[in-house]
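Chemist: Questions regarding the structure given below will be posed in turn.
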Amino acid sequence: MPAVASPELFDKIVNLTKRRGFVYPSAEIYGGFRSTYDYGPLGVLLLRNVKDAWWRSMVQLRSDVVGLDASILSPPAVWEASGHLANFTDPLVDCTSCNSRLREDKLADPDVCPVCGAEGSFTEARHFNLMFKTQAGPVEEEGAVAYLRPETAQGMFINFKNVIDTTRVRPPFGIAQIGKSFRNEITPGQFVFRTREFEQMELEYFVHPDEAQDSYEYWCNERYQWYLDHGIPADELRLRAHDSDELSHYSSATSDVEYLFPWGWDELEGVANRGDYDLTQHAEASGEKLEWFDQAENVRWRPYVIEPAAGATRTAMAFLMAAYHEEEVRGETRVVLRFHHRIAPYKVAVLPLSKKPELAGPASELAADLRGSFMCDYDATQSIGRRYRRQDELGTPYCVTYDFDSLEDHAVTIRDRDSMEQERIDISQVRAYLTERFT
Ligand code: ATP
């Protein structure tokens, strides 16, 4: 059966993320600040794991990619050259009936206001620039204008020369970066899907122009596979090539990796062949030679760029949705987040059967020992059944229960989150047992 979008799932996820400490509305005690969110104790682990999994695949496991962490504040010259000052706009329309401001290109019906239902009430579309403009330094003057970056990509282009001059890279090679980006979105929404402050995970891969098409296809497949490898089911994921009228002016090909969100298919990541647009723009504006010099052949050429650009916060939300399952267990509904082990916030929880010191003492020692290798939760309250349910809702792959027999046989029970099967193993084997399953 093909997967279908499920709107009820959305409410359940939003509810669970608040209840279990994944995501809180920002500034909630002051009534909240629209479209910004804080990641709670569980959410920060989830988000970090998404970013670590990306970094591991894109940087650590590769010999041809290096990392970067560029500044968020940047001068207008960068955005002038990149084209963002002129073109990073969305078409904004006002509804003259209810005064809502909406993005014209996202309207289901271009004549009907989705807020008040009025027909033909929209103004002409205006170009609204999405960049946040601010002031750097104590003097308010034109020369002090700075922008919060709306994407991490420009950091890679303006450091292209630094990276080739200071490291051993040679094309084809990539520069990867994870970090916050800011866009003054007209219609933020759908929880953390579209926010004004978010995190991106981007790679700029520099190749010879003749290799650009092959490299583009390679990265489309790599990135699609990455989501499958980290727990998104194949029937909830697709790679969609842009039609020619959807392409940005500098891109000769773009494909989106899309997830079947509760409201339908929507973008997780875009993979684009940007040609030599960015390096050419920055070379012209800065006067620097942004080229590769091939010493053996004694020729200079400007690389093309293949860019897989993903959202960390959006991806975390997709992993949450894909992991969410409800099932009947002995007449009760069990909610379980079947996260891939790399994505799961806690890898293991240690649960003493009773709070009594003779069990709690050695159980906390075991937890302290495991913490050296894994993110480990410890929980001594409530019945063991309820504690298992709680860990299921957090997506913890394994629970280790220390009981009265453990005092005699030096063994513990390990419970598997997905099968709920339990095994008795020697305490000295717990670390090896988990390590084996987490690689
Ligand atoms: P959209 O069409 O959804 O506005 P986009 O095509 O402009 O997104 P890109 O500029 O390609 O997005 O950014 C790359 C990725 O960054 C997106 O695929 C998405 O995962 C993430 N992203 C972009 N804007 C936001 C946002 N406002 N909130 C959360 N994530 C975002």
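The values are calculated or read from the model by the stated rules, or taken from the named source; none is laboratory data. As the structure is a prediction and not an experimental result, all values here were calculated from the model. Methodologically, a virtual Cβ is constructed for each residue, glycine included, from the backbone with ideal geometry; neighbour enumeration extends over all protein chains shown.
Chemist: Hey, which of the helices (runs of 4 or more DSSP H) in the stretch 373-439, taking only ones fully inside, have at least 3 residues that are over 23 Å from Glu332 (Cβ atoms)?
Modeler: 404-409, 430-437
Chemist: Now a separate question. Among the residues in the stretch 47-68, are any touching a residue at least 24 places away in the same chain (Cβ under 8 Å), outside any helix (DSSP H, G or I) and either in the same structural domain as Asp392 (by TED's automatic domain parsing) or touching a Ser or Thr at 6+ places or on another chain (Cβ under 7 Å) (or both)?
Modeler: yes
Chemist: If you don't mind, there's one more thing I want to ask. Regarding Glu269, is this residue part of a strand (DSSP E or B) and in contact with a helix residue (DSSP H, G or I) (Cβ under 9 Å, 6 or more places away or on another chain)?
Modeler: Yes, satisfied.
Chemist: Over 30 Å from Val305 (Cβ atoms) and in contact with a Pro (Cβ under 6 Å, 6 or more places away or on another chain): which single residue out of Gly32, Gly43 fits that description?
Modeler: Gly32 is the lone residue from the list that is over 30 Å from Val305 (Cβ atoms) and in contact with a Pro (Cβ under 6 Å, 6 or more places away or on another chain).
Chemist: Would you point out the residue of the stretch 126-152, among those that are surrounded by fewer than 18 Cβ atoms within 10 Å (Cβ to Cβ) and aromatic (Phe, Trp, Tyr), that is modelled with the highest pLDDT?
Modeler: Going through the qualifying residues, I end up with Phe132.
Chemist: Shifting gears a bit: Identify, please: which residue in the stretch 200-210 is assigned to a strand (DSSP E or B) and more than 8 Å from the ligand (Cβ to nearest atom) and is, among those, farthest from the chain's Cα centre (by Cα)?
Modeler: Per the criteria, the residue is Val207.
Chemist: Please determine whether any residue of the stretch 118-128 is of a type in the set (Lys, Arg), touching a strand residue (DSSP E or B) at 6+ places or on another chain (Cβ under 6 Å) and assigned to a strand (DSSP E or B).
Modeler: Scanning the stretch 118-128 turns up at least one residue that is of a type in the set (Lys, Arg), touching a strand residue (DSSP E or B) at 6+ places or on another chain (Cβ under 6 Å) and assigned to a strand (DSSP E or B).
Matching residues to (1) surrounded by fewer than 20 Cβ atoms within 10 Å (Cβ to Cβ); (2) of a type in the set (Gly, Ala, Ser); (3) within 30 Å of Leu320 (Cα to Cα):
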residue: Val207; (1), (2), (3): no, no, no
residue: Ala212; (1), (2), (3): no, yes, no
residue: Asp229; (1), (2), (3): yes, no, yes
residue: Ala234; (1), (2), (3): yes, yes, yes
residue: Ala241; (1), (2), (3): yes, yes, yes
residue: Ser244; (1), (2), (3): yes, yes, no
residue: Tyr250; (1), (2), (3): yes, no, no
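Yes/no matrix, rows are residues, columns are (1) on the phi < 0 side of the Ramachandran plot; (2) without any contact (Cβ under 8 Å) to a residue 60 or more places away in the chain; (3) not in a helix (DSSP H, G or I):
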| residue | (1), (2), (3) |
| --- | --- |
| Cys98 | yes, yes, yes |
| Cys116 | yes, yes, yes |
| Gly155 | yes, no, no |
| Asp165 | yes, yes, no |
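Chemist: When you look at Ala118, is it surrounded by 13 or more Cβ atoms within 10 Å (Cβ to Cβ) and outside the structural domain of Leu73 (by TED's automatic domain parsing), yes or no?
Modeler: Judged against the criteria, Ala118 is a match.
Chemist: Still on this structure: Which ones in the stretch 137-176 are within 14 Å of the ligand (Cβ to nearest atom) and under 27 Å from Arg34 (Cα atoms)?
Modeler: Leu148, Arg149, Pro150, Glu151, Thr152, Ala153
Chemist: Please give the strands (runs of 3 or more DSSP E) falling wholly within the stretch 311-355 in which 1 or more residues are of a type in the set (Lys, Arg) and either in contact (Cβ under 8 Å) with a residue 12 or more places away in the chain or outside the structural domain of Leu228 (by TED's automatic domain parsing) (or both).
Modeler: The strands (runs of 3 or more DSSP E) meeting that bar are 332-337.
Chemist: If Thr36 satisfies all but one of (1) more than 15 Å from the ligand (Cβ to nearest atom); (2) in contact (Cβ under 8 Å) with a residue 12 or more places away in the chain, what's the number of the condition it fails?
Modeler: Result: Thr36 fails condition (1) only.
Chemist: Another question about this same structure. Pairs only if they're at least six apart or on different chains, beta carbon under 7 angstrom, first in the stretch 246-260 and assigned by TED's automatic domain parsing to the domain that holds Glu307, second among the β-branched types (Val, Ile, Thr) and in a loop (DSSP other than H, G, I, E, B); list them, first residue then second.
Modeler: What qualifies is Tyr259/Ile232.
Chemist: A further question on this structure: May I ask you to list the residues in the stretch 273-310 that are part of a strand (DSSP E or B) and β-branched (Val, Ile, Thr)?
Modeler: Those that are part of a strand (DSSP E or B) and β-branched (Val, Ile, Thr): Val299, Val305, Ile306.
Chemist: Still on this structure: Only one of Glu307, Glu328 is acidic (Asp, Glu) and surrounded by fewer than 17 Cβ atoms within 10 Å (Cβ to Cβ). Can you tell me which?
Modeler: On inspection, the qualifying residue turns out to be Glu328.
Each row is one residue, and each column tells you yes or no for (1) touching a Cys at 6+ places or on another chain (Cβ under 9 Å); (2) within 13 Å of the ligand (Cβ to nearest atom); (3) of a type in the set (Val, Ile, Thr).
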site	(1), (2), (3)
Asp266	no, yes, no
Ala272	no, yes, no
Tyr277	no, no, no
Gly287	no, no, no
Trp292	no, no, no
Val305	no, no, yes
Pro308	yes, yes, no
Thr313	no, yes, yes
Met317	no, yes, no
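Chemist: Additional query: Which residue is farthest from Thr187 (Cα to Cα), if the candidates are limited to the stretch 70-120 and must be hydroxyl-bearing (Ser, Thr, Tyr) and within 14 Å of the ligand (Cβ to nearest atom)?
Modeler: Out of the qualifying residues, it is Ser82.
Chemist: Please pick out the residue among Val271, Val299 that is of a type outside the set (S, T, N, Q), modelled with pLDDT of 95 or more and buried (at least 19 other Cβ atoms within 10 Å of the Cβ).
Modeler: Among Val271, Val299, only Val271 is of a type outside the set (S, T, N, Q), modelled with pLDDT of 95 or more and buried (at least 19 other Cβ atoms within 10 Å of the Cβ).
Chemist: Is it the case that the stretch 325-338 has a residue that's among the hydroxyl-bearing types (Ser, Thr, Tyr) and under 30 Å from Lys51 (Cα atoms)?
Modeler: Checking the stretch 325-338: not a single residue is among the hydroxyl-bearing types (Ser, Thr, Tyr) and under 30 Å from Lys51 (Cα atoms).
Chemist: How about the stretch 70-96: which of its residues are outside any loop (DSSP other than H, G, I, E, B) and among the β-branched types (Val, Ile, Thr)?
Modeler: Val78, Thr89, Val93
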